[in-house]
1. Which members of the range 57-84 meet the condition of being part of a helix (DSSP H, G or I) and surrounded by fewer than 14 Cβ atoms within 10 Å (Cβ to Cβ)?
2. Go through the residues of the range 61-73 one by one and say whether even a single one is more than 17 Å from residue 173 (Cα to Cα) and under 11 Å from the mean Cα position of the chain (by Cα).
3. If residue 159 meets every condition in (1) touching a helix residue (DSSP H, G or I) at 6+ places or on another chain (Cβ under 8 Å); (2) not in a helix (DSSP H, G or I) apart from one, which number is that one?
4. I'd like to verify a number: residues in the range 123-141 that are more than 15 Å from residue 56 (Cα to Cα) and either under 18 Å from the mean Cα position of the chain (by Cα) or in contact (Cβ under 8 Å) with a residue 40 or more places away in the chain (or both), how many?
5. Residue 144 - would you say it is part of a helix (DSSP H, G or I) and either surrounded by 14 or more Cβ atoms within 10 Å (Cβ to Cβ) or in contact with a helix residue (DSSP H, G or I) (Cβ under 7 Å, 6 or more places away or on another chain) (or both)?
6. Is at least one residue of the range 31-49 outside any helix (DSSP H, G or I), on the phi < 0 side of the Ramachandran plot and either at pLDDT 55 or above or surrounded by 10 or more Cβ atoms within 10 Å (Cβ to Cβ) (or both)?
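The values are calculated or read from the model by the stated rules, or taken from the named source; none is laboratory data. Values in this document were obtained by computation on a predicted structure and should not be read as measured data. Neighbour counts are summed over all protein chains in view; Cβ atoms, including those assigned to glycine, are modelled from backbone coordinates with ideal geometry.
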């Protein structure tokens, strides 16, 4: 295009040496870095969505395992922790926010685990998710509790202990769909 062609300015007569200087014309108003920034934001958003999809997949497999035998292998919380750390690396939240979210979730859930109200895998999974979600994990936990109460009312007559990981999976999926 002609906008990017270099031109020699016409001599004004006052400064004879200015006519020999070649100048690039002013930009057309488009900032080339704004397109790159937008592309970077889209890539970042796609990576975060990919991490969320992997989290949902891992939670689904952990939920199936929890339903079958009321136990979840340590590989699931470890994998979820890795995904959460990837999300933290992409989002770069303040360290104190991550630490506060993880500490509060672990502290509260540890008390429930200590008194037999929740399983160890549930604590590990929710703590691993808290690394990536920060204080947003409380919304996931609230929805998971609502889902758990709903299916506990139906299934409590047939089973003494009920798995909680399926409720965590549904709660995380509901939060993901709301975003």
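1. First pass over the range 57-84, keeping only residues part of a helix (DSSP H, G or I): 57-69, 75-84.
Hits for the range 57-84 are 57, 67, 68, 69, 75, 78.
2. Checking the range 61-73: not a single residue is more than 17 Å from residue 173 (Cα to Cα) and under 11 Å from the mean Cα position of the chain (by Cα).
3. (1) is the only condition that residue 159 fails.
4. Narrowing the range 123-141 to residues more than 15 Å from residue 56 (Cα to Cα): 123-124, 127, 131, 134-136, 138-139.
Now drop any that are not either under 18 Å from the mean Cα position of the chain (by Cα) or in contact (Cβ under 8 Å) with a residue 40 or more places away in the chain (or both), which leaves 124, 127, 131, 134-136, 138-139.
Residues meeting the conditions: 8.
5. On the way: part of a helix (DSSP H, G or I): yes; either surrounded by 14 or more Cβ atoms within 10 Å (Cβ to Cβ) or in contact with a helix residue (DSSP H, G or I) (Cβ under 7 Å, 6 or more places away or on another chain) (or both): yes.
When the stated conditions are applied, residue 144 passes them.
6. To start, the set of residues in the range 31-49 that are outside any helix (DSSP H, G or I) comprises 31.
So of that shortlist, the ones also on the phi < 0 side of the Ramachandran plot come out as 31.
Of the ones still in play, those that are also either at pLDDT 55 or above or surrounded by 10 or more Cβ atoms within 10 Å (Cβ to Cβ) (or both) are 31.
There is at least one residue in the range 31-49 that is outside any helix (DSSP H, G or I), on the phi < 0 side of the Ramachandran plot and either at pLDDT 55 or above or surrounded by 10 or more Cβ atoms within 10 Å (Cβ to Cβ) (or both).
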